[in-house]
Amino acid sequence: MIGYVTIGVSDMGKAKKYYTDLLGDMGAKVLLDLGRIAFIGKDMKSPMMAVCTPHDGSPNHPGNGNMLAFQPGSKEAVDTYYKKAIELGATCGGEPGQRIPDQFYGAYARDPDGNKVAFYHFG
């Protein structure tokens, strides 16, 4: 149902590198680069994320309540992606842990532009 989600960034080169380095093990790569916006994902038929500089030329601002969430496949993978995000320059938004007993395991980070990213596993 979701085609793509877009987040604003301040530096396209840094954002593309950050997200392709972070999500490359899930098959993510830059699929379409149009200068001020780039689509990142596995293929053009699967849900994607896009990074862009704001159209109006104003500075980007992370949205309060906005978040990208990635499901890497296991609790161990949640831990791995969270650690990788931090190593790539993200800040902690909530260390990995069980949030809802036996249902939801998650970790949260803020990318170098302050956008909130989650890694999660149900079950």
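Within region 46-66, track down each residue that is more than 18 Å from Ala28 (Cα to Cα) and of a type outside the set (Ser, Thr, Tyr).
Scanning region 46-66 gives Pro54, His55, Asp56, Gly57, Pro59, Asn60, His61, Pro62, Gly63, Asn64, Gly65, Asn66.
When region 43-68 is examined, which residues are found to be aliphatic (A, V, I, L, M) and assigned to a strand (DSSP E or B)?
Within region 43-68, Met48, Met49, Ala50, Val51, Leu68 qualify.
Checking Glu87 against (1) of a type in the set (Asp, Glu); (2) exposed (fewer than 12 other Cβ atoms within 10 Å of the Cβ); (3) more than 25 Å from Asp11 (Cβ to Cβ): exactly one of these is not met. Which one?
(3)
Mind counting the residues in region 21-69 that are closer than 16 Å to Val117 by Cα and of a type in the set (Asp, Glu)?
Count: 1.
Scan region 94-109 for residues that are surrounded by fewer than 18 Cβ atoms within 10 Å (Cβ to Cβ) and within 24 Å of Tyr18 (Cα to Cα) and jot them down.
Selection gives Gly94, Glu95, Gly97.
In region 15-42, what count of residues is obtained for those that are part of a helix (DSSP H, G or I), surrounded by fewer than 16 Cβ atoms within 10 Å (Cβ to Cβ) and charged (D, E, K, R)?
Looking only at that region, the number is 3.
Just wondering, is there one or more residues in region 22-35 that are modelled with pLDDT of 95 or more, β-branched (Val, Ile, Thr), in contact with a strand residue (DSSP E or B) (Cβ under 8 Å, 6 or more places away or on another chain) and closer than 16 Å to Asp111 by Cα?
No, there is no match, as no residue in region 22-35 is modelled with pLDDT of 95 or more, β-branched (Val, Ile, Thr), in contact with a strand residue (DSSP E or B) (Cβ under 8 Å, 6 or more places away or on another chain) and closer than 16 Å to Asp111 by Cα.
The values are calculated or read from the model by the stated rules, or taken from the named source; none is laboratory data. Owing to the predicted nature of the structure, the values given are computational and were not obtained by experimental measurement. Glycine gets a Cβ as well: all are built from the backbone with ideal geometry, and neighbour counts include every protein chain shown.
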